[in-house]
Amino acid sequence: MVPQASLTSFFNPRAIAVVGASKTEGKIGHSVVKNAIDSGFKGGIYPINPKETEIMGLKCYPSVSDIPGPVDLVAMVIPAPAILPVAEECGRKGVKNLVTITAGFKEIGKEGLERERKLLDICHRYGMRMLGPNCLGMMDTHTPLNVSFAPGMALKGGIAFVSQSGALQAAILDWSFRNGLGFSRFVSLGNKADLSEVDFIADAGDDPNTKVILVYIEGVTDGRRFLSVAREASRKKPVIILKSGTSQAGAQAASSHTGALAGSDLAYDTAFKQAGVLRARSMEELFGLAVAFTNQPTPKGDRVAIVTNSGGPGIIAADAVEANGLAMARFQKETVDALRNGLPPECALYNPVDLIGSADGARYKFALDLVADDPATENLLVLLTPPDQAEPMKTAEAVVDIHRRHPDVTVFASFMGGERVAGAMDYMFKNGVSVYDFPEPAIQSIKGMVRYGKMRQLAAVGRPERIEDVDKKLVANVFEKVRDDHRRVLLGSEAARVVRAYGIPSAPAVLARDPEEAAQAADSFGYPVVLKVASPKILHKTDVGGVKVGLKTPEEVQKAFVEILDNIHRFLPGHVIHGVEVYKMMPQGTELIIGLSRDLQFGHLLMFGLGGIYVNLLKDVSFRLVEGLTRNEIEAMISETKAYTLLRGFRGAKPADVGAIVDALARVAQLARDFPEITDIDINPLFAYEKGEQPEGITALDVKITIS
Ligand code: COA
């Protein structure tokens, strides 16, 4: 049966049942029923336990089938061996959703894996959706409903938190009570046998009660679907993800924890960037951003104004602004003049505005009003250290007032200290100002918010494009021949034909079997030419005397052909070669690289950067996933590299034809889309020529293609 796509009956069921409900305090089956009752859920709650007739004042049923009315959601808290028949019974009863809290599935090995597979089979057969197994449960504070054994119900708010670690979630919940942080939804994914982060991101994207989507995962379940869902959701609201398992040690822990196969981190980074997802690097950053996005507008730009009562923290914050790629706001003359007229002469009037240690609440208020009114102030950070003259509470009131009156400016505060500032910090936090103990994390949050604003702008432009003027048939034929030959790696001349079939100019190349054929090919190209031994197995052809360059006559070509064969016989006796390839020698251009590799989780990954022999040393490359790639993103990937500086015309050189490079990248992406069997492409070097000179545009010199 096709499962329902919407999670409405999951988060807002008409009635729920708890199988394994218990009277015994301390048992998970007890906590789940208690939480459901305490949450204020308005639908029916049915405890299921064959030994009881009543639990916590509710009528208890021996089994799900005995419940008189419909039940949309069943929580299972019985030992693993008892799960399958109960799930089957739920299916027959017409239950729509299961929350399987029980552990003892995939995470315990073969036996558990088999049990999980059978459980999923049952879900599919009856069209049921399932959370878990091996999870803490879920809550929706707006329904309200709590089907979990978490320590209580989350406070009502705008953050949807989806986590692959239940234990972490319990800790966050506890922490959130102390900090007054509210959630819309709280979902513990467990083993993700059916419902995964992708389903919950999609649903939270459409949930009017959710302002920010927060995710902790150890790995993505379905990379392609994740990309399209996260891209869609992040256009509507911020999606912030903390993905653990980035270090080698972390990756091992992740796979033993929930059996998650951590994909390569680079692919994750690229996927998040392309989907408009913000990647947090720590729990602190994850929640710092969540709080900021809940209370602040998306920044209009990256300019930050800082107001402080001491120089040191002001400078630290200004340094952090620069280190995080943000800009210090430059106030207009009127603002500086007005500050000068109203402040003591010792104060610093330019950003950071230093009100000096004697600043009281009134002085802060005066300066904040002027600074917030300045059009350059897009983000405001207020710093305070508590000397005797400081008035933390009065200052906090001034900050909150600014936050209220300037809904388009993000307002952050860091009042450093302990007891003296605690009340003021609390007051600001409760009134929507983002507060931090120290300036640097505040700047980090501003950076994250600015990045989201920019990503959203970028995501809004351009659709993935298809390129139609390609010769698919020719490429299919080449690949077929390679497979017939029991090869995976194409010869250089074959690879050159493939890229040419996709509209990427490449140096003319022909495979010659004897010296005469080679000379004929050279005649047809025009001189000079290059000869290369044709053998995909020889990686460093120059080292074995397999390359001859700058050949100017038919005689030189024939002689070089024979010399190459001799060298191969001498250096690699018994090595079978396909012949010698003749290439037209192209004039030198800026050496670039276009590469492609295949990631298990997210598909093809496109690479661009500075090419030549120092690629691995210089590592001046950028990446994008082919899936959903837009022209804007290709342009962005080029501009991220240092090679871009060269291409724009460095030290008197004319600029290159960047449009031709964008086109070549789009065409390689199209090739990958059309031929998923391609595992690797290396076009290195790709020569880029100066605009207006001859030759023009680009030429692929050396192309390597591997297929599976
Ligand atoms: N139908 C209805 N009730 C049943 C039942 C069935 N088929 N089978 C057992 N029960 C009852 C039991 O009689 C018991 O009720 P009682 O307290 O009145 O005796 C209750 O359900 C629970 O069964 P019990 O055998 O006592 O199990 P338990 O409470 O010790 O453990 C789990 C059950 C699910 C909690 C446990 O197996 C488990 O998986 N724990 C780990 C959970 C976890 O960590 N999840 C991941 C969190 S991130």
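Screening Ile356 on (1) out of contact with any Cys (no Cβ under 8 Å at 6 or more places or on another chain); (2) open to solvent by 10 Å² or more (accessible area, probe 1.4 Å) shows it passes everything except condition (1). If you go through region 600-619 and keep only what is more than 25 Å from Arg497 (Cα to Cα) and surrounded by 19 or more Cβ atoms within 10 Å (Cβ to Cβ), you end up with Gln601, Phe602.
Considered as a group, the residues in region 347-388 that are assigned to a loop (DSSP other than H, G, I, E, B) and among the hydrophobic types (A, V, I, L, M, F, W, C) include one that is nearest to the chain's Cα centre (by Cα), and that residue is Ala376. Looking at Phe366, Phe415, just one residue is open to solvent by 10 Å² or more (accessible area, probe 1.4 Å) and of a type in the set (Phe, Trp, Tyr), and that residue is Phe366.
Out of curiosity, is Asp373 touching a Ser or Thr at 6+ places or on another chain (Cβ under 8 Å), under 23 Å from Asn295 (Cα atoms) and at pLDDT 95 or above? Steps first, please.
Numbers: touching a Ser or Thr at 6+ places or on another chain (Cβ under 8 Å): yes; under 23 Å from Asn295 (Cα atoms): yes; at pLDDT 95 or above: yes.
For Asp373, the condition - touching a Ser or Thr at 6+ places or on another chain (Cβ under 8 Å), under 23 Å from Asn295 (Cα atoms) and at pLDDT 95 or above - is met.
Out of all the residues in region 525-543, is one or more at pLDDT 95 or above, of a type in the set (Lys, Arg), surrounded by fewer than 18 Cβ atoms within 10 Å (Cβ to Cβ) and part of a loop (DSSP other than H, G, I, E, B)? Within region 525-543, not a single residue is at pLDDT 95 or above, of a type in the set (Lys, Arg), surrounded by fewer than 18 Cβ atoms within 10 Å (Cβ to Cβ) and part of a loop (DSSP other than H, G, I, E, B).
Within region 496-503, is there a residue that is open to solvent by 10 Å² or more (accessible area, probe 1.4 Å), in a loop (DSSP other than H, G, I, E, B), at pLDDT 95 or above and under 25 Å from Thr679 (Cβ atoms)?
Looking through region 496-503, at least one residue is open to solvent by 10 Å² or more (accessible area, probe 1.4 Å), in a loop (DSSP other than H, G, I, E, B), at pLDDT 95 or above and under 25 Å from Thr679 (Cβ atoms).
If you go through region 124-135, how many residues are out of contact with any strand residue (DSSP E or B) (no Cβ under 7 Å at 6 or more places or on another chain) and away from the ligand (no atom under 11 Å from the Cβ)? Please lay out each step first, then the result.
Taking region 124-135 and keeping what is out of contact with any strand residue (DSSP E or B) (no Cβ under 7 Å at 6 or more places or on another chain), we get 124-127, 134.
Adding the requirement that they be away from the ligand (no atom under 11 Å from the Cβ) leaves 124-127.
Of the residues in region 124-135, 4 are out of contact with any strand residue (DSSP E or B) (no Cβ under 7 Å at 6 or more places or on another chain) and away from the ligand (no atom under 11 Å from the Cβ).
At pLDDT below 90 and open to solvent by 10 Å² or more (accessible area, probe 1.4 Å): does that describe Gly301? Considered against the rule, which asks whether it is at pLDDT below 90 and open to solvent by 10 Å² or more (accessible area, probe 1.4 Å), Gly301 comes out as no.
When region 373-386 is filtered for residues that are open to solvent by 40 Å² or more (accessible area, probe 1.4 Å) and either in contact (Cβ under 8 Å) with a residue 40 or more places away in the chain or touching a Lys or Arg at 6+ places or on another chain (Cβ under 6 Å) (or both), the ones remaining, listed by number, are Pro375, Pro386.
Could you tell me which residue of region 83-99 is nearest to Ser196 (Cα to Cα), considering only residues that are within 11 Å of the ligand (Cβ to nearest atom) and surrounded by fewer than 24 Cβ atoms within 10 Å (Cβ to Cβ)? So, considering only residues that are within 11 Å of the ligand (Cβ to nearest atom) and surrounded by fewer than 24 Cβ atoms within 10 Å (Cβ to Cβ), the one nearest to Ser196 (Cα to Cα) is Leu84. Candidates are the residues of region 105-123 that are open to solvent by less than 10 Å² (accessible area, probe 1.4 Å) and within 12 Å of the ligand (Cβ to nearest atom); the one that is nearest to Ala75 (Cα to Cα) is Phe105. Pairs linking a residue in region 84-113 that is over 18 Å from Pro62 (Cα atoms) to a residue that is surrounded by 17 or more Cβ atoms within 10 Å (Cβ to Cβ) and among the aromatic types (Phe, Trp, Tyr), with Cβ atoms under 7 Å and 6 or more positions apart or on different chains, are Asn97/Phe10; Ile101/Phe149; Gly112/Phe105. Just name the residue that is nearest to Pro238 (Cα to Cα) out of those in region 195-210 that are more than 16 Å from the ligand (Cβ to nearest atom) and in a loop (DSSP other than H, G, I, E, B). Checked region 195-210; the qualifying residue nearest to Pro238 (Cα to Cα) is Thr210.
Scan region 275-297 for residues that are among the aliphatic types (A, V, I, L, M), closer than 15 Å to Val239 by Cβ and either open to solvent by 10 Å² or more (accessible area, probe 1.4 Å) or part of a helix (DSSP H, G or I) (or both) and report the count. Explain how you work it out, then say what you get.
The initial filter retains those residues of region 275-297 that are among the aliphatic types (A, V, I, L, M), namely 275, 277-278, 280, 283, 286, 289-292.
Now drop any that are not closer than 15 Å to Val239 by Cβ, which leaves 275, 277-278, 280, 286, 289-290, 292.
Then drop every residue that is not either open to solvent by 10 Å² or more (accessible area, probe 1.4 Å) or part of a helix (DSSP H, G or I) (or both), which leaves 275, 286, 289-290, 292.
Adding up the residues that qualify gives 5.
Every condition in (1) closer than 19 Å to Leu195 by Cβ; (2) open to solvent by less than 10 Å² (accessible area, probe 1.4 Å); (3) away from the ligand (no atom under 16 Å from the Cβ) is met by Ser9 except one, and the failing one is (2).
Scanning region 308-361 for residues being within 21 Å of Asp373 (Cβ to Cβ) and in contact with a Gly (Cβ under 7 Å, 6 or more places away or on another chain) gives a total of 4. Counting just the residues of region 40-66 that are surrounded by 20 or more Cβ atoms within 10 Å (Cβ to Cβ) and of a type outside the set (Phe, Trp, Tyr), which one comes out farthest from the ligand (Cβ to nearest atom)? Checking each candidate, the answer is Ile45. Here is the figure for region 398-412: residues that are open to solvent by 10 Å² or more (accessible area, probe 1.4 Å) and either touching a helix residue (DSSP H, G or I) at 6+ places or on another chain (Cβ under 7 Å) or closer than 20 Å to Ala290 by Cα (or both) total 5.
Which strands (runs of 3 or more DSSP E) sit wholly inside region 632-708 and have at least 2 residues that are in the same structural domain as Ile613 (by TED's automatic domain parsing), β-branched (Val, Ile, Thr) and surrounded by fewer than 18 Cβ atoms within 10 Å (Cβ to Cβ)? If you could, list the steps in order and put the result at the bottom.
Working: elements: 678-688, 698-700, 703-707.
Output list is empty.
The rows are residues; the columns are (1) within 11 Å of the ligand (Cβ to nearest atom); (2) free of Cβ contacts under 8 Å to residues at least 24 places away in the same chain; (3) hydrophobic (A, V, I, L, M, F, W, C).
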{"position": "Arg14", "(1), (2), (3)": "no, no, no"}
{"position": "Ala17", "(1), (2), (3)": "yes, no, yes"}
{"position": "Ala21", "(1), (2), (3)": "yes, no, yes"}
{"position": "Ile28", "(1), (2), (3)": "yes, no, yes"}
{"position": "Asp38", "(1), (2), (3)": "no, no, no"}
{"position": "Pro68", "(1), (2), (3)": "no, yes, no"}
{"position": "Asp72", "(1), (2), (3)": "no, no, no"}
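Filtering region 138-186 down to residues that are polar (S, T, N, Q) and either more than 13 Å from the ligand (Cβ to nearest atom) or part of a strand (DSSP E or B) (or both), which residue is surrounded by the fewest Cβ atoms within 10 Å (Cβ to Cβ)?
Quick first cut of region 138-186, residues polar (S, T, N, Q) only: 141, 143, 146, 148, 163-165, 169, 176, 179, 184.
Next, only the ones that are either more than 13 Å from the ligand (Cβ to nearest atom) or part of a strand (DSSP E or B) (or both) stay: 141, 143, 146, 148, 163, 176, 179, 184.
Numbers: Thr141: 22, Thr143: 18, Asn146: 26, Ser148: 31, Ser163: 24, Ser176: 19, Asn179: 12, Ser184: 25.
Among those that are polar (S, T, N, Q) and either more than 13 Å from the ligand (Cβ to nearest atom) or part of a strand (DSSP E or B) (or both), it is Asn179.
Is it true that Ile613 is within 29 Å of Ala509 (Cα to Cα) and assigned to a loop (DSSP other than H, G, I, E, B)? Even if it seems obvious, please write down each step before you answer.
Working: within 29 Å of Ala509 (Cα to Cα): yes; assigned to a loop (DSSP other than H, G, I, E, B): yes.
Yes; evaluated as a whole, the condition is true for this residue.
The values are calculated or read from the model by the stated rules, or taken from the named source; none is laboratory data. Just so it is clear, the model here is predicted, and its values are computed rather than measured. Cβ sites come from the backbone with ideal geometry, for glycine too, and all protein chains shown count toward neighbours. Accessible surface is based on the protein model in full, side chains and every heavy atom, while ligands, DNA and RNA are left aside. Shrake-Rupley method; radii C 1.70, N 1.55, O 1.52, S 1.80 Å.
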